[in-house]
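Accompanying notes for the structure given below.
The values are calculated or read from the model by the stated rules, or taken from the named source; none is laboratory data. For clarity, every value in this text was computed on a predicted model and none was experimentally measured. Note that each Cβ is placed from the backbone with ideal geometry, even for glycine, and that neighbours are counted across all protein chains shown.
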Amino acid sequence: MADRYLEADTPELRERWGNWSFNEKWDAKAKEAIARYPEGRQKSAVMALLDFAQRQVGEETDTQGWLPIPVMEYVATYLAMPIIRVVEVATFYTMYNLVPVGKYHVQVCGTTPCMLRGSDDVLETCYKRGMKKGHTTSDGLWTLTEVECMGNCASAPMVQINDDNYEDLTSDRLESVLDALEKGESPKAGTQEPGRHTVEPVGGPTSLKEMVSENHDYRGEW
């Protein structure tokens, strides 16, 4: 389970982020998101604005981005809503980073399907590169988090790195992905199984060809 806590609200944090605001690009996106909602429902855009804020912080820090408390306060003011409501959203959804992270946020699924398919080996591969759960490497490149199910059970084990999922992993396949990212390349996202394109059966599509009617009992054929 991913640990969830807010970065301490220190004078240094206030000095760095206290005057933060959307730049022109993200301000335009924020206004566009708000405009999708009817009058009086603008607060419904809070999830989008938190995402925009995190992405701008990421651009400013050359990381995946995170949400300092002053940045969340800015979003609250932008939407005219209590700060606690913004914090409630940010702390509930794990796609929002509450503490600083590295350039690449490696989130390893450790739920049962991924565990049975080798997520321990995936974690071990990360450890061998100097990663530690809940920490960022000294070079600022990697942050490692173990998370709960991300919905890719049919192509387990998987990791999410920033906005991309990498599935059907082995130690060697993850090494190749991490090597490419370290070089500044963009490795192919999705399944890493040769010949597989999405989550179709590895052996090819199948069907219940013998089911001639909705009442056909095919249990004996299993």
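Annotations for the structure displayed:
- Scanning the stretch 151-160 for residues that are assigned to a loop (DSSP other than H, G, I, E, B), out of contact with any Gly (no Cβ under 6 Å at 6 or more places or on another chain) and surrounded by 18 or more Cβ atoms within 10 Å (Cβ to Cβ) returns ASN152, ALA156, MET158.
- Among the residues of the stretch 33-55, those identified as in a loop (DSSP other than H, G, I, E, B) and either within 12 Å of VAL71 (Cα to Cα) or of a type in the set (Gly, Ala, Ser) (or both) are ALA35, GLY40.
- Enumeration of residues in the stretch 178-197 that are closer than 18 Å to ASN152 by Cα and either touching a residue at least 12 places away in the same chain (Cβ under 8 Å) or basic (Lys, Arg) (or both): LYS188, ALA189, GLY190, THR191, GLN192, GLU193, ARG196
- Count of residues meeting criterion [among the hydroxyl-bearing types (Ser, Thr, Tyr), part of a loop (DSSP other than H, G, I, E, B), surrounded by 15 or more Cβ atoms within 10 Å (Cβ to Cβ) and touching a helix residue (DSSP H, G or I) at 6+ places or on another chain (Cβ under 9 Å)] in the stretch 87-124: 2
- Contact map, the stretch 75-90: first residue under 12 Å from LYS43 (Cβ atoms), second residue among the small types (Gly, Ala, Ser), Cβ cut-off under 6 Å, separation 6 or more or different chains; pairs are VAL75/ALA53; VAL86/ALA76.
- Evaluation of LYS188 against (1) assigned to a loop (DSSP other than H, G, I, E, B); (2) modelled with pLDDT under 85 (one fails), failing number: (2)
- The listed residue being within 15 Å of the chain's Cα centre (by Cα), modelled with pLDDT of 95 or more and not basic (Lys, Arg), out of THR63, THR94: THR63
- One residue alone among ALA30, ALA35, ALA45, ALA53 is in the same structural domain as GLN64 (by the TED database), more than 20 Å from ILE84 (Cβ to Cβ), surrounded by 12 or more Cβ atoms within 10 Å (Cβ to Cβ) and modelled with pLDDT of 95 or more, and that residue is ALA30.
- Filtered by the rule that a residue be surrounded by 12 or more Cβ atoms within 10 Å (Cβ to Cβ) and either outside any loop (DSSP other than H, G, I, E, B) or among the β-branched types (Val, Ile, Thr) (or both), the stretch 1-24 gives LEU13, ARG14, ARG16, TRP17.
- Meets criteria (β-branched (Val, Ile, Thr) and more than 24 Å from the chain's Cα centre (by Cα)) for THR77: yes
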